[in-house]
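The values are calculated or read from the model by the stated rules, or taken from the named source; none is laboratory data. Values in this document were obtained by computation on a predicted structure and should not be read as measured data. For neighbour counting, all protein chains shown are included, and Cβ atoms are generated from backbone atoms with ideal geometry for every residue, glycine included.
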Amino acid sequence: MAVGEQFLRSLVRTHSWLEPVLAEHIADNDEVLDHILMADITRALVSVHLAGSKESREKVAAVLRDLDAEFGPPNPNDGVEPSVRGVIALSFLFNLPDEGEPGYDIRKLLGPHLAAVLPEDLW
């Protein structure tokens with residue numbers, strides 16, 4: 001199992017409300033495609049964020065904390081696989097809603113490591 005897939009499966013285990021996202025992804029693709037699954041998770045996060053309830057805010061905040069912690073500051077000796085960073089950067093950050101789209105304000109909830117690498121022209 002590739003490290004990107006391992007990370008995403010671990011994320012889903014930690015945040016069990018994401019299990020239907022993983023199940024639908026596997027049903028559609030017959031396997032885990034890490035960048036596509038991360039994009040699916042991103043859409044689920046935005047959808048839950050838009051619900052606006054206290055419970056939904058807590059769910060989103062918990063996942064964002066985990067993504068930020070896993071991404072961490074760039075450090076070649078930190079043990080984070082570059083492929084995991086790539087999945088988060090390319091398939092999470094770049095799938096966040098653009099300005100003017102519903103859910104754009106989820107960007108304000110990003111932790112410091114993710115916010116630091118989000119291109120300013122998308123902020």
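In the set Val87, Val32, Val21, which member is in contact (Cβ under 8 Å) with a residue 24 or more places away in the chain, surrounded by 16 or more Cβ atoms within 10 Å (Cβ to Cβ) and over 23 Å from Val117 (Cα atoms)?
Val32
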Item to check | Checking Pro97 against (1) surrounded by 11 or more Cβ atoms within 10 Å (Cβ to Cβ); (2) without any contact (Cβ under 8 Å) to a residue 60 or more places away in the chain; (3) under 15 Å from the mean Cα position of the chain (by Cα); (4) part of a helix (DSSP H, G or I), the condition it does not meet | outcome: (4)
Checklist entry - For the stretch 19-30, does any single residue satisfy the condition of being more than 20 Å from Leu109 (Cβ to Cβ), of a type outside the set (A, V, I, L, M, F, W, C) and modelled with pLDDT under 95? => result no
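Matching residues to (1) assigned to a helix (DSSP H, G or I); (2) at pLDDT 95 or above; (3) within 14 Å of the chain's Cα centre (by Cα):
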position: Pro74; (1), (2), (3): no, no, no
position: Val80; (1), (2), (3): no, no, no
position: Val84; (1), (2), (3): yes, no, yes
position: Leu90; (1), (2), (3): yes, no, yes
position: Pro102; (1), (2), (3): no, yes, no
position: Leu114; (1), (2), (3): yes, no, yes
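Before we move on, is Ile36 farther than 12 Å from Gly4 by Cα and either touching a helix residue (DSSP H, G or I) at 6+ places or on another chain (Cβ under 6 Å) or modelled with pLDDT of 95 or more (or both)? Give the steps one after another, and end with the answer.
Values: farther than 12 Å from Gly4 by Cα: no; either touching a helix residue (DSSP H, G or I) at 6+ places or on another chain (Cβ under 6 Å) or modelled with pLDDT of 95 or more (or both): yes.
It is false that Ile36 is farther than 12 Å from Gly4 by Cα and either touching a helix residue (DSSP H, G or I) at 6+ places or on another chain (Cβ under 6 Å) or modelled with pLDDT of 95 or more (or both).
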Checklist outcome for this item: Scanning the stretch 1-18 residue by residue, those in contact (Cβ under 8 Å) with a residue 12 or more places away in the chain and of a type in the set (Ser, Thr, Tyr) turn out to be Thr14
Next on the checklist: Checking the structure you have, find out if any residue of the stretch 8-15 is in a loop (DSSP other than H, G, I, E, B) and of a type outside the set (Phe, Trp, Tyr).
Outcome noted: yes
Item to check | Hey, Leu50 surrounded by 14 or more Cβ atoms within 10 Å (Cβ to Cβ) and more than 15 Å from the chain's Cα centre (by Cα) or not | outcome: yes
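Would you check which residues across the stretch 39-65 are more than 21 Å from Gly4 (Cβ to Cβ), out of contact with any helix residue (DSSP H, G or I) (no Cβ under 6 Å at 6 or more places or on another chain) and not aliphatic (A, V, I, L, M) and list them? Step through it out loud before you land on a result.
Narrowing the stretch 39-65 to residues more than 21 Å from Gly4 (Cβ to Cβ): 47-61.
Of the ones still in play, those that are also out of contact with any helix residue (DSSP H, G or I) (no Cβ under 6 Å at 6 or more places or on another chain) are 47, 50-55, 57-58, 61.
Result: Ser47, Gly52, Ser53, Lys54, Glu55, Arg57, Glu58.
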Checklist outcome for this item: Out of (1) closer than 23 Å to Pro82 by Cβ; (2) in a helix (DSSP H, G or I), the one Val32 does not meet is (2)
Next on the checklist: Please pick out the residue among Ala44, Ala69 that is in a helix (DSSP H, G or I), surrounded by 15 or more Cβ atoms within 10 Å (Cβ to Cβ) and either at positive phi or among the small types (Gly, Ala, Ser) (or both).
Outcome noted: Ala44
